[in-house]
Amino acid sequence: MTSRETLALAAVALPALTGLVVAVAPRRAVQPAAIAGLVLSGVVAISLAVVALTDPADLEVTGWVVIDAAAGLMVGVIGLVGLASALVSPSYLGTATPGLFGARHGTRAYYAALAAFVAVLTAVPLAGNLGAAWLLVEATTAASAILVGFSGKPRALEAGWKYLLLTSLGLGFSLLGIILLASATPGHSLDALSWRSLSADVPEGETTLVAFLLIVVGLAAKIGWAPVHNWLPDAHSEAPPPVSALLSAALLPAVLLVAWRVERALEPAIGESTGRSVLIGFGLVSLAVAIPFLWRPLAWKRLLAYSSLEHMGVIALGVGFATPLALAGVAVHIAGHAVAKALGFYAATPLLGHEPRAAGHAVTGIARTQPGLGATMGVSLGALAGLPPSPLFLSEILVIAGGFQAGREWAAAGTAVLLALGFVGLAHALVETTGGRPRRRDRSTAPGLRPVLALGGAATVLLLALAAAAFWLPDTDIVEALARGVG
Amino acid sequence: MSGTLAWALVALGLAVVVVRRRSVVVGLVTAQALLLAGVATAEAESTDDVAAALALAVRGVALAALFLVIVARTRESRPVRAGVTPFARAGLAILLALAFVWLVPAVGLETEQSERAMLALVAFGAAVVATRRATLHQLLGIVMVENGLVLGAIELPGGASLAIELGVAVDLALIAIVAVVFHERIFAEFGSGDSAVLESLRD
């Protein structure tokens, strides 16, 4: 077994083991064991990302496992957000009502489900086979739905139920597409669904095209691409903040990576232009649907949820344009979005502790009464809006430039217009949220603020580093490896 | 698979669309799963195929037991009426199935009947999720979609991978268990497993 395979195995096994330990540990040991296990898992995942991105030309591809630059990037993001979510979870649990499992079992159930979710999620980008990737994506639904409904409040139950039902139905259609694809491959076996086999063996024809559409539309329901995004704003706004961060920053792009791998693998059969056009279409529709909501005064977590819809659209456009500039933009965007979005969701715990009304209403003037919290939310929202020097400003420029480079001028121009409109909406929200007229004058320190401030400092440094990286990334081996895929 | 078996599966599926009682629907979906397990056993060519068929039967029986326990634990004080009448539901489900058969090209399964039965079950399951209000009915709609997909996997020439078939069975069981947790909690919170009460989140 190579060092990469060992790290990949450890990155998946450690959180799984953590979940098992948490399930049987004495009550007092549950939280320390969970945090220690998830932090260690995060460190291992980030190490795998460093190894995979340091030498991106060195691929590990078997029928069941793939460790390439894209997997490295995603595993790193999952590791980072998983680690940070573990660190802020005690603050959340200190204020939460674990209604779904009761006070006695709530903490244990939360950490066991969180560890299971991180384990399955880490395995998604490493899956070397479409069948295995589907199974893992479906498994993330079970683990994360429990977490979405964790509070047991009526709105959380509604969000969790919608999430479970709509994504399961969507993934059912994906599985139908996979069966169609298996029937079209020589040998007709689901074993032939490794990314490389698909590229080499799937024949041209309408069966392959219909299979591709079914798979991508089904996955779109999980990614939260419009118009099949209905569960997304509800689940992200009702889940515990550390879970919302994982859903938005890690789960959505991880499933998007699967959709991208499907498109790449089937390009020889369905045509490069057709596959990429479908992704670009989803990207443009997602941006167009998100923007009216970004212009409205929304509750903090709901605003972040609609911003996820916008950013998944940007990433879809980047992988659809698929030029070196666009792919450099995608890499920076996935990482920058993860850092900024996770920070925003983490800030929700002290925000709701300080101003419970913010659960259902737009928050205003928070920086006037809670300067530290206001600064953290400002960094998050400013970065997500694409306010320079946010790395998302640079990544969006790269994606648009990549669109022109790909000869898709209309789509690139449309992207630029939609992103400008989205920027105006989020910039207005930024001004109102931080500097508007505060509803609450209480200046006492919000509960759970300290870990969020610490993460806010680290996130600011990371965002600036990513902005710097955006300048040199387009000419690196990483982008070349992303463009080459597993072929 | 013979045409009679394919029609039996489709008829059971259509009954799920129109029947009101939850326990009857559980029985119909379980009968479908067991029929599929029987087909898988009859067509088995290796020990892997037999193991997959056995897993399918175990999954069907285990889910039936789970659902029946839940039906007993969450007795509705009055019937949860679907917003759409049974005739309209059946019509919608048949139209959807015909659309699927028309839109999806020849798949290359063992027989044409099994292809059509697979698409019909997927369409009926989707119709149940879309038109029924009872949370347990919606969950059973998802199970019926999976039954249709299992039929497709069984009828693939050369058969499907055991690992994938077992994985699908485990995934569906996990989803069902989580959904049952939600159903019980929704029932406890609202006094009914009617999804119409879950409409507060809107923009």
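Data overview
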read-out	value
Translational diffusion coefficient (Stokes-Einstein; Kirkwood radius from C-alpha pairs) of region A:382-487 at 37 °C, 0.692 mPa s, in µm²/s	197 µm²/s
Dipole moment magnitude, nearest 20 debye, the protein assembly as shown about Cα centre, only Lys, Arg, Asp, Glu C-beta charged	3400 debye
Computed over region A:158-305, the ratio Rg/Rh where both radii use C-alpha atoms and Rh is Kirkwood	1.03
Projected area averaged over orientations for chain B, convex hull of C-alpha atoms, nm²	11.7 nm²
Alpha-carbon spread of region A:228-378, three principal axes, descending order, Å	57, 26, 23
Computed over the protein assembly as shown, Kirkwood Rh from alpha-carbon pairs, angstrom	25.3 Å
Degrees, to the nearest 10: A:154-184 long Cα axis against longest axis of chain A	10 degrees
Equivalent ellipsoid semi-axes, region A:1-110, via Cα gyration tensor eigenvalues times 5, rooted, Å	32, 14, 11
Point-charge dipole on Cβ atoms (K/R +1, D/E -1) for region B:72-203, about Cα centre, debye to 20	640 debye
Added length on full extension, which subtracts the Cα-Cα distance from 0.36 nm per residue, B:Ala106 to B:Ala42	20.6 nm
Order of A:Asp68, B:Asp171, A:Asp442 - criterion: other Cβ atoms within 10 Å of each residue's Cβ, fewest first	A:Asp442, B:Asp171, A:Asp68
Least to most buried among A:Lys153, A:Lys341 (fewest other Cβ within 10 Å first)	A:Lys153, A:Lys341
Dipole-positive endmost among A:Ala429, A:Leu398, A:Ala468 within region A:374-487 (Cβ charges, Cα centre)	A:Ala429
Estimated dipole of region A:353-487 in Debye, rounded to 20 [Cβ of Lys and Arg +1, of Asp and Glu -1, Cα centre]	840 debye
Selected from B:Thr135, B:Thr47, B:Thr74 as most flexible by GNM, with chain B as the system and alpha-carbon contacts under 10 Å	B:Thr47
Cα-Cα P(r), region A:133-221, percent of pairs per 5 Å interval	3, 15, 21, 19, 14, 10, 8, 6, 4, 2, 0
Folded to 0 to 90 degrees: helix B:162-190 orientation relative to chain B principal axis, Cα	10 degrees
FRET efficiency estimate (nearest 0.05) - Cβ-Cβ, B:Val24 to B:Ala188, R0 25 angstrom	0.55
Sequence of A:Phe471, A:Phe321, B:Phe67, B:Phe190 once ranked by neighbouring C-beta atoms within 10 Å, starting from the fewest	A:Phe471, B:Phe190, B:Phe67, A:Phe321
Calculated log₁₀ intensity ratio I(q)/I(0) where the Debye formula runs over C-alpha points of region B:128-195, q = 0.23, 0.25, 0.27 Å⁻¹	-0.96, -1.05, -1.13
Length released on extending from A:Asp58 to A:Glu204, taking residue separation times 0.36 nm less the Cα-Cα span	49.5 nm
Full-extension gain in nm, B:Ala65 to B:Val170, via 0.36 nm per residue minus C-alpha separation	36.2 nm
Computed FRET value (nearest 0.05) for B:Ala51 with A:Thr445, which takes r as the C-beta separation and R₀ as 45 Å	0.15
Inter-label distance for A:Ala454 and A:Ser277, nm, one decimal - labels placed 7 Å from Cα along Cα-to-Cβ	5.3 nm
Inter-label distance, nm, simple model (7 Å from Cα along the C-beta direction), B:Ala72/A:Ala483	6.5 nm
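Read the figures in this text as sums done on the coordinates, not as results from a lab. Just so it is clear, the model here is predicted, and its values are computed rather than measured. Because the Cβ atoms are built from the backbone with ideal geometry, glycine has one as well, and the counts that use them run over all protein chains shown.
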